[in-house]
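Only one structure is covered here, and it is reproduced in the block below.
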Amino acid sequence: MKSLINFFEKIGYSVTSRIKRLGTASRLLFLILVSSGESFRRFQLTMKEIYFTGVMSLVIIIVSAFFVGMVLGLQGYYTLEKYGSSEAIGVLVALSLVRELGPVVTALLFAGRAGTAITAEIGLMKATEQLSAMEMMAVSPIQRIIAPRFWAGVISMPILASIFSMVGILGGYVIAVIVIGVDEGAFWSQMQANVDFRYDIVNGVIKSLVFGVACTIIALFEGFDAPPTAEGVSRATTRTVVTSSLVILGLDFIMTSFMLGG
Amino acid sequence: MTDNVIKIQNLTFGYGSELLHKGINMNFKKGKVSAIMGGSGSGKTTILKLIGGQIKPKSGSILVENKIVHEQNRSGIYKLRRKMGMLFQHGALFTDLSVYENVAFPMREHTNLPENIIKDLVLLKLNAVGLRGAYKLMPTELSGGMARRVALARAIALDPDIIMYDEPFAGLDPISMAVICDLIRSLNDALGATSIIVTHDVAETFSFADYIYFVADGIVAAEGSPKQLMASKLPFVRQFIHSEKDGPVPFHVAAPTYNLDLGL
């Protein structure tokens, strides 16, 4: 009987602590939004973070996108060829990237590369009393440190996702047109005719914006909430990747359902 | 005439049901260097955090320039903190900024001074701590003593009325320790500030502090000038000042008998 009570106690504790964390993260998001004026008035602070989170992520984004595009080209060609529509390879590659893979894979890579860096940086700043020192200098860490990083993530994500889609299409082109020999005119014209700006591209951008908000707030919250120890920061960094990945995939399903339904 | 810039009245503070401070009263006078001493875990640093409004007391109050700290809203707290400078135990320098930028940080955040004036002020502050030649270095390139001196230059960047030092001598070699002692005294006198030092280094503190509070068991166990405390007959003060092994402060944390723990 006692072990059964302990079991339910553990479940209850786990659920309430998660709800509490969600509440604290929402409060942090609210504080960031009301403290964002400085991030735009002194835009160089945000620009510096865009460099660290966005520009420094370019290599992994471009290389991954090229390989994803090439794999899509290969897989797509061998499937479409069975139905005699290998010219539609351009559409397949473009739609897969613009609608799904661009925003989702970019967000996953962003969480692994920039998200972990943000969490570790904020966590270490907390552990080494840098945030307390800032507070004691009457400078709000939310305004000076957190908000510029948040907006940098939100601005960088759609740009990175667009670059991912473009480079991916180039990878698909290399395999389909240059290596396999699909007609170049058919590749581009089918793509142009079947990719809709509002329905495909704008929806992809909306997805990447939402992922940008989710990934960045998770990374910032985990860093801000991390216990100020080496173990605490390391656990927080791991949680950033796991939580971000699950949230990205969950949000993608929800948004896709609404977008296709609409 | 000296007046009390900071007054601590019947302060109680604790985490959960455990009380760390059980009714502390202290006064810090303008232009004086005061020290708060006591063993590890006696809540010395917590007093600095309470003065800075980073945490709130359970009861009692702290008045900074006649304003009750814990009753201030965020902007009120920030207004008070602009009059304070704090040296953290490990410096807490911003690791992504150079020595120059660290010292310039409070000036950039709180003033609209042009870059040439900021440069002059930063070099002036760095010169005061003897590190003008290190302005280009990054915090990772500094020794512990140098990092603390840069942090001190940053703490006095806006010429604060109150300067708080958290364990300024911890882990320093004798030369750096003597330099920091000298700096604390000379900066306090030059700025006409009120300095509070949290430390457990007896010899250094007694050499230059004006007034000392001893904290033990959550209360002020003794207070007075270094001369008065040196002459004190109180067992706790004697044990602390003369680094005696035996006395009212036990070395061991309360535990069952050794034999019981070893299963003998």
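Values quoted throughout were computed directly from the atomic coordinates according to the rules given, and no laboratory measurement underlies them. On a predicted model such as this, the values are computed, not experimentally measured, just so you know. Cβ sites come from the backbone with ideal geometry, for glycine too, and all protein chains shown count toward neighbours.
Listed values, structure above:
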{"item": "Pairs from B:LYS67/B:LYS125; B:LYS7/B:LYS58; A:LYS126/B:LYS56; B:LYS7/B:LYS233; B:LYS22/B:LYS44 whose Cα-Cα separation, in the structure shown, is over 23 Å", "result": "B:LYS67/B:LYS125; B:LYS7/B:LYS233"}
{"item": "Whole-number percent relative contact order across the range A:148-262, with pairs defined as alpha carbons under 8 Å at least 6 apart", "result": "32 percent"}
{"item": "Gyration tensor (alpha-carbon) shape descriptor, the range A:123-262, a/c threshold 1.5", "result": "prolate"}
{"item": "FRET efficiency estimate (nearest 0.05) - Cβ-Cβ, B:GLN228 to B:SER143, R0 30 angstrom", "result": "0.25"}
{"item": "Convex hull volume per residue for the range B:132-183, taking Cα atoms only, in Å³", "result": "92 Å³"}
{"item": "Check: chain B dipole with +1 on Lys, Arg Cβ and -1 on Asp, Glu Cβ, in debye", "result": "640 debye"}
{"item": "Choice from B:PRO168, B:PRO114, B:PRO235 with maximal GNM fluctuation in chain B (Cα, 10 Å cutoff)", "result": "B:PRO114"}
{"item": "Cα-Cα pairs of the protein assembly as shown separated by more than 32 Å (percent)", "result": "56 percent"}
{"item": "Sequence-separation-based contact order of the range A:53-254, relative, with Cα cut under 8 Å and 6+ spacing, percent", "result": "39 percent"}
{"item": "Cα-based Rg of chain B normalised by 2.2 N^0.38 Å, two decimals", "result": "1.08"}
{"item": "Orientation-averaged projected area, Cα convex hull of chain A (nm²)", "result": "18.7 nm²"}
{"item": "Proximal aspartates and glutamates to B:LYS79, defined as alpha-carbon separation beneath 16 angstrom and excluding residues fewer than eight positions away on the same chain", "result": "A:GLU135, B:GLU65, B:GLU71, B:GLU109, B:ASP159, B:ASP161"}
{"item": "Average partner coverage of B:88-95, which counts Cβ from other chains inside 10 Å", "result": "5"}
{"item": "Anisotropy class of the range B:135-217 from Cα gyration tensor, a/c 1.5 cut", "result": "oblate"}
{"item": "Chain A, helix-only ellipticity at 222 nm - DSSP H runs n ≥ 4, -39,500 (n - 2.57), divided by all residues, nearest 500", "result": "-26000 deg cm²/dmol"}
{"item": "Percentage relative contact order, chain B, counting C-alpha pairs under 8 Å, at least six apart", "result": "24 percent"}
{"item": "Angle between chain B longest axis and helix B:115-128 axis [Cα atoms, degrees, rounded to 10]", "result": "40 degrees"}
{"item": "Chain A: angle of helix A:203-225 to the longest principal axis, Cα-based, in degrees nearest 10", "result": "30 degrees"}
{"item": "Rg/Rh for the range A:16-155, where both radii come from Cα atoms and Rh is the Kirkwood radius", "result": "1.15"}
